[in-house]
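Input: a single structure, listed below in structure tokens.
Just so you know, all these numbers are worked out from the coordinates, no wet-lab data involved. This structure is a prediction, so every number in the text was calculated from the model and none was measured. Don't worry about glycine lacking a Cβ; one is built from the backbone with ideal geometry, like all the others, and counts go over all protein chains shown.
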Amino acid sequence: MADMDKDQAWLNSVRQELDASARDLDAATLSRLNRARQAALVEVGRKRRPWLFWMPGLVAAMGLTLAIGLWLRPGVETPSPEQSDPAQDFAMLANPDDLKMYDDLEFYAWLDSQQSSSDPWSDWDPGT
């Protein structure tokens, strides 16, 4: 309670000092203060441009869209880790121990056509 009384007394003394200093101002300073106050009041009443507040977000969204578009642009294929080395394929075909692979050539031809197709459902036949 005593602290509140001290604070109130201090505020009253500061208010009195400020009022006294404002009364002692010359006419030129009072005129400048009045003009500044009037200019501030005009700015408060002026309409703001709301589209300017959207501009930073719009620029960021456009930049993000451009970055994703460049990253995912069609026509550029990345190498697949599933692609085999032709030298290893030749070594496997030339190995006499793996001759039973030739029994299933149709399966391997089908498997090769599935891997090279860009659309996995292009060769699918619901009747088989």
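Worth pointing out:
- In this rough spin-label picture, where each label sits 7 Å from Cα along the Cβ direction, the Lys6-Leu33 distance is 3.1 nm.
- Cβ-defined net charge surrounding Gln16, 14 Å radius [Lys, Arg +1; Asp, Glu -1]: -1
- Whole-Hz ³J(HN,Hα) from phi, Karplus 6.51 cos²θ - 1.76 cosθ + 1.60, for the stretch 15-32, glycine and proline x: 4, 5, 5, 5, 4, 5, 5, 6, 6, 8, 6, 7, 5, 5, 5, 4, 5, 4
- Point-to-point label distance, Glu106-Arg49, nm (Cα→Cβ direction, 7 Å offset): 7.4 nm
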